[in-house]
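The structure appears right after this line, and notes come after that.
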Amino acid sequence: MSRLLALLCTALIALTACSGSSAQSGPKTLRMTVWTANEAHLKLLNEIAAEYKAAHPDVTEIKFDSIPADGYTTTLTTQIAGGNAPDLAWILEESAPDFVSSGALAPIKAKVEKAEELVPSATKLWEKDGELFAYPFSTSPFGLFVNTDLVKDLPATWDEAVAAAAGKNLVLPDFKYQNWAVLSAIWRGWGAQAWSDDGKQCGFASAEMKDAMTFVHKAIFTDKAIPGPGTTVDFFAGDAAMAISQISRAGALKDAKFGWTLLPLPKGPKGDYAVIGQAGVGVLKRSKNAETAADFLGFFTNAANSAKLAQFFPPVRQSLLNADTLAKSNPLIKPEQLQSVVIDGISKGVVKPSHQGQEELNQTIRAALDPLWKPDADVSSVLDGVCAKIKPLLERS
Amino acid sequence: MTFWTYRRRDNLVGYLFVAPALLGSLAFVLIPLGMVGWYSLNEWNVLGGTFEFIGGENYQRLLADEKLRDSLVATAWFAAGLVVLNLTLALLLAVLLNQKLRGTTLFRTLFFSPVLVSLVAWTLVWQLMLQPEGSVNDLLGLAGVDGPNWLRGESSAMVSVIVVQVIKNVGLNMVLFLAALQGVPAPLYEAAKIDGAGAWTRFTRITIPLISPTILLTSIITIVGSLQVFAQIAVLTQGGPGTSTTVLIYYLYQQAFQFHHFGYGATISVLLFVIVAALTLVQWRMRRKWVLHES
Amino acid sequence: MSRKVWLYGLLCLLCVPFVFPTWWMVTSSMKPISEIFSESLLPSEWTFSTYSTVFKMQPFGQQYWNSLYIAVIVTVGTMAVAALAGYAFARIKFPGQNVLFVVVLTGLLIPSEVTIVPLFQLFQSLGMTNTHWPLIIVPIFGAPCVLAIFIMRQFFLALPPELEEAARMDGLGRAGIFYRIALPLSRPALGAVAIFTFLHSWNLYLEPIVYLSTPDMFTLPQALTQFVDIYGGPMWNVQLAAATMTAVPILVVFVVAQRQFIEGLAHTGVKG
């Protein structure tokens, strides 16, 4: 029975290969999966693609497939499993270790224009054995957005920030009591880490983490500064005093009816720090047009196009990382804010936690942290519980 | 007189009539199911593109998987809660609508209407209404009840998922029960009344036995359906808080599609198939015991 | 008298969870986003801009058409396949009948999540991803059709044999009996099958997400999840406007035709 099935599988896989092989010569088409469906984003992407096609007549089509951000990696993986891998794909920072280490991506360093000027801290996540496997097209530091109508004295430390936000809401728009990795924007200030740099040791039970999470718990349930689970407060509509969010969100404040400013993350007990979120774009090794795809990626991310993309996605090219250049594409943010939050943030920032098998870790940690989001939670024992749960997962890799 | 006797022609027509369904089952059910069985014997790394035969390893893992045990417990609670609540409510509504009252058609329409609202829309709406400051707690507030944070408490999340699903689909069972109730001959009740049987006795001794075939059918459909509830969990709780609402189908989805363990996901699929098949078989076997006049 | 008052009271109370969500969906779609969580039953100011936003953000008209035409083809196709198979399994005696019926019934037991990967590979190999074919062929011939076959079989089982005897005397062949006698009689069961099938296709969620990749191919349930701002945050009032547009037409059709609708459904399953 199983031999018959194996045969059938082989036949199916062979069939897949046959039907696709005709595309190798002649006109080429490229498909890139993205998680944005935003008109302005897609317009820019299509403009860049049109320019490339004009210069390369053999490439007849470059298509951007919008997959909902929610479940993006899942859908992408399903397509790959089914034999329908895109030629290029946006990749979330949290899936970076999985994609880079699995060998699913083709090396691209040779195609990247002036690869030596990329900020090293920003490319680390996408490298293996000195080769680059995806281009970090968006590197977005976390900052503290402040509604200056509600907060007069700008906070410099976490204690000040929570005191100023008490009863007036300090929101973390992406957290939703699910995406725990966003909390790294806070706990780094205490010197805490989700896991050690080599990814083997759990960091949740450390003294630093316990202090940081006790602070967060108190800010939610005692100080009433951070809105509790299930409460929706929108900073960008003017309902909150402060928000911890990525700089790329500043665009949502274009029509803001309140005064606002952008500050670097407040100082924690361990002083200054910065945390960044990233997105990379890579070429799938299994693409029939991997060569062409890598070539397009080189064009997509060259200095000129990076400058265009910078209006939505903060760049990692040193030549673009100065307040003057960034100010051109980010009219909403003042040059000194760009310097302190974006430029300093990108050069000294740590990327949000990511690990091989990230999605399983995500779900496990999310579930293990759930008991923490109650007023009477025992922070220390919950965090010990997180480590107990994820230890086998960290050791597996 | 010829080869084509009536019987032979009849056979041919029979085969021709079932051919589309049969070929469809083969292509879209049995062969895919066989392939899932084959995947379950392999370690399939989707991203790396490796596919390796590992024999029964995934099945050993299945036996040792603590999360799977939690998930089976959650599944049992979910299925039990759903079936009991759904059938009770459906029967209650059907009995109420079977009274001689004006306007029952209107009420019937209202109770049935959620069946027609698209599932994603329905779940989306409830997700917003179940927030701590959402409409559900506002309504409870009118009655002086201080509602919990529904989707964040372990048992309240389970209750929420069940209730949302029951309200969505109870209309179907209600209609089936209503038709069955209307098929119960009125003279039986009259006779029982004369014998001095109260309303409750009449209900348990006459109504329930006479509509037992419908109870069987609806309970099979509802139980099998309860093991396939996916989108609601995905939108409302994502299996949380903790793992309290991670039912088997959601766990399967997580393993295969989110954690990229396709081989292990296939193994859970096989388990799910076995459970559904066994449950259906047991119910079908039991029908002779508790269903009156099964032909 | 007081019994009636009690009954009406109970019915009205029970109605609340059934009616309120739809009411809330429709009214909230016309509220400014800041009022979504307010306690008011009606918007403070009615805005219809959410409705035009729906069409601006997505090719919503095209998506509506996609869902509609797929559901109609699937419904008609399923009725045909299920009527033929249901009739044969119920009324014709042929060798291997029971085994074949059990084979077909397997489909009833398989959640679609289980077979989605092999099916995806199949359609990928046929070059049919990002087309509507998988959403049409699989429901008509595959697992979703099995419930329909089951309903039709139960109905035909209950058909009095005398009718067919008489037709045979009149010289009608099998196909003739099916087409002229059995099929016209099975209208209530076919109605139920049509309703089940249409709703199933209309609600399909996982399959479109897996098979379809461009917005102009999307179906409605999938489109509903696409109304997000630049940063992936949901735009609730726009989502609710889109949800309202998917739900209300079906509800209106139902209210108009509800007698046939419910009585059609009621004819299933009670017999046999």
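Miscellaneous remarks
- Within segment A:217-234, tally of residues that are within 11 Å of another protein chain (Cβ to nearest Cβ), under 24 Å from A:GLN337 (Cβ atoms) and at pLDDT 85 or above: 0
- Residue check, C:THR78 part of a helix (DSSP H, G or I), within 14 Å of chain B (Cβ to nearest Cβ) and modelled with pLDDT under 95: no
- Failed criterion for C:GLN58 (all others in (1) more than 10 Å from every other protein chain (Cβ to nearest Cβ); (2) buried (at least 20 other Cβ atoms within 10 Å of the Cβ) hold): (1)
- Filter result for A:TRP187 (at pLDDT 95 or above and either over 18 Å from A:LEU262 (Cα atoms) or surrounded by fewer than 18 Cβ atoms within 10 Å (Cβ to Cβ) (or both)): yes
- Flag: A:LEU297 matches the condition of being surrounded by 17 or more Cβ atoms within 10 Å (Cβ to Cβ) and in a helix (DSSP H, G or I).
Each row is one residue, and each column tells you yes or no for (1) more than 22 Å from A:GLU359 (Cβ to Cβ); (2) of a type in the set (A, V, I, L, M, F, W, C).
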| position | (1), (2) |
| --- | --- |
| B:SER40 | no, no |
| B:GLY48 | no, no |
| B:GLY55 | yes, no |
| B:GLU66 | no, no |
| B:ALA74 | no, yes |
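- Scan of segment C:76-89 for residues that are in contact with a helix residue (DSSP H, G or I) (Cβ under 7 Å, 6 or more places away or on another chain) and either closer than 16 Å to C:PRO184 by Cα or crowded, with 24+ Cβ neighbours inside 10 Å (or both), ordered by number: C:THR78, C:MET79, C:VAL81, C:ALA82, C:ALA83, C:LEU84, C:ALA85, C:GLY86, C:TYR87, C:ALA88, C:PHE89
- Pairs, first at positive phi in segment A:88-112, second surrounded by fewer than 19 Cβ atoms within 10 Å (Cβ to Cβ) and charged (D, E, K, R), C-beta under 7 Å, six or more apart: A:GLY103/A:LYS285
- Of the helices (runs of 4 or more DSSP H) lying entirely inside segment C:94-175, the ones with 3 or more residues being within 17 Å of B:GLY14 (Cβ to Cβ) are found at C:97-105, C:144-157, C:161-169.
- Evaluating A:ALA185 against the criteria (1) within 14 Å of chain B (Cβ to nearest Cβ); (2) closer than 26 Å to A:THR139 by Cα leaves one unmet condition, (1).
- Selection within segment C:16-46 - polar (S, T, N, Q) and within 19 Å of C:ALA247 (Cα to Cα): C:THR22, C:THR27, C:SER28, C:SER29
- Residue list for segment A:148-174, filter: in a loop (DSSP other than H, G, I, E, B) and crowded, with 18+ Cβ neighbours inside 10 Å: A:LEU150, A:VAL151, A:PRO155, A:ASN169, A:LEU172, A:PRO173, A:ASP174
- Taking (1) closer than 23 Å to C:LEU126 by Cα; (2) over 17 Å from the mean Cα position of the chain (by Cα) in turn, A:LEU76 satisfies each apart from (2).
- Condition met for A:ALA377 (within 14 Å of chain B (Cβ to nearest Cβ), among the small types (Gly, Ala, Ser) and assigned to a loop (DSSP other than H, G, I, E, B)): yes
- One residue stands out in segment A:257-294 among those that are more than 14 Å from chain C (Cβ to nearest Cβ) and surrounded by fewer than 17 Cβ atoms within 10 Å (Cβ to Cβ): the one that is farthest from A:VAL162 (Cα to Cα), namely A:GLU291.
- Some residue of segment C:8-15 being out of contact with any helix residue (DSSP H, G or I) (no Cβ under 7 Å at 6 or more places or on another chain), part of a helix (DSSP H, G or I) and among the hydroxyl-bearing types (Ser, Thr, Tyr): yes
For every residue, the table says whether it meets (1) buried (at least 21 other Cβ atoms within 10 Å of the Cβ); (2) within 14 Å of chain C (Cβ to nearest Cβ); (3) at pLDDT below 90.
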site: B:PHE3; (1), (2), (3): no, no, yes
site: B:TYR15; (1), (2), (3): no, yes, no
site: B:LEU23; (1), (2), (3): no, yes, no
site: B:LEU26; (1), (2), (3): no, yes, no
site: B:LEU30; (1), (2), (3): no, yes, no
site: B:TYR39; (1), (2), (3): yes, yes, no
site: B:PHE53; (1), (2), (3): no, no, no
site: B:ALA64; (1), (2), (3): no, no, no
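- All positions within segment C:16-53 that are in a helix (DSSP H, G or I), of a type in the set (Val, Ile, Thr) and within 30 Å of the chain's Cα centre (by Cα): C:VAL16, C:VAL19, C:THR22, C:VAL26, C:THR27, C:THR50, C:THR53
- Residue that is nearest to the other protein chains (Cβ to nearest Cβ), among those in segment B:133-169 that are surrounded by 19 or more Cβ atoms within 10 Å (Cβ to Cβ), over 17 Å from A:ASP370 (Cβ atoms) and of a type in the set (Val, Ile, Thr): B:ILE167
- Entirely in segment B:129-240, the helices (runs of 4 or more DSSP H) that have 2 or more residues that are over 29 Å from B:VAL274 (Cβ atoms): B:135-142, B:154-182, B:186-194, B:199-202
- Scanning segment A:49-92 for residues being touching a strand residue (DSSP E or B) at 6+ places or on another chain (Cβ under 9 Å), part of a helix (DSSP H, G or I) and more than 14 Å from chain C (Cβ to nearest Cβ) gives a total of 4.
- Out of A:THR60, A:THR73, sole residue that is buried (at least 19 other Cβ atoms within 10 Å of the Cβ), more than 16 Å from C:GLN222 (Cα to Cα) and polar (S, T, N, Q): A:THR73
- Scanning segment C:86-122 for residues that are more than 10 Å from chain B (Cβ to nearest Cβ) and under 26 Å from B:PHE273 (Cβ atoms) yields C:ASN98, C:VAL99, C:VAL102.
- Per the conditions (1) in a helix (DSSP H, G or I); (2) surrounded by fewer than 23 Cβ atoms within 10 Å (Cβ to Cβ); (3) touching a helix residue (DSSP H, G or I) at 6+ places or on another chain (Cβ under 9 Å), the sole criterion not satisfied by A:PRO107 is (1).
- All conditions in (1) free of Cβ contacts under 8 Å to residues at least 24 places away in the same chain; (2) surrounded by fewer than 20 Cβ atoms within 10 Å (Cβ to Cβ); (3) facing chain C (nearest Cβ under 9 Å) hold for B:ALA186, with the sole exception of (3).
- When B:LEU130, B:LEU106 are screened for being under 28 Å from B:ALA79 (Cβ atoms) and either in contact with a Lys or Arg (Cβ under 6 Å, 6 or more places away or on another chain) or within 11 Å of chain C (Cβ to nearest Cβ) (or both), only B:LEU130 passes.
- Summed over segment C:38-55, the residues that are among the acidic types (Asp, Glu) and either within 14 Å of chain B (Cβ to nearest Cβ) or surrounded by 11 or more Cβ atoms within 10 Å (Cβ to Cβ) (or both) give a count of 1.
- When B:LEU72 is tested against (1) within 10 Å of chain C (Cβ to nearest Cβ); (2) surrounded by fewer than 23 Cβ atoms within 10 Å (Cβ to Cβ); (3) of a type in the set (A, V, I, L, M, F, W, C), only condition (1) is not met.
The values are calculated or read from the model by the stated rules, or taken from the named source; none is laboratory data. Quick caveat: nothing in here was measured; it's all calculated off a predicted structure. Counting neighbours? That spans all protein chains shown, and the Cβs are built from the backbone with ideal geometry, glycine included.
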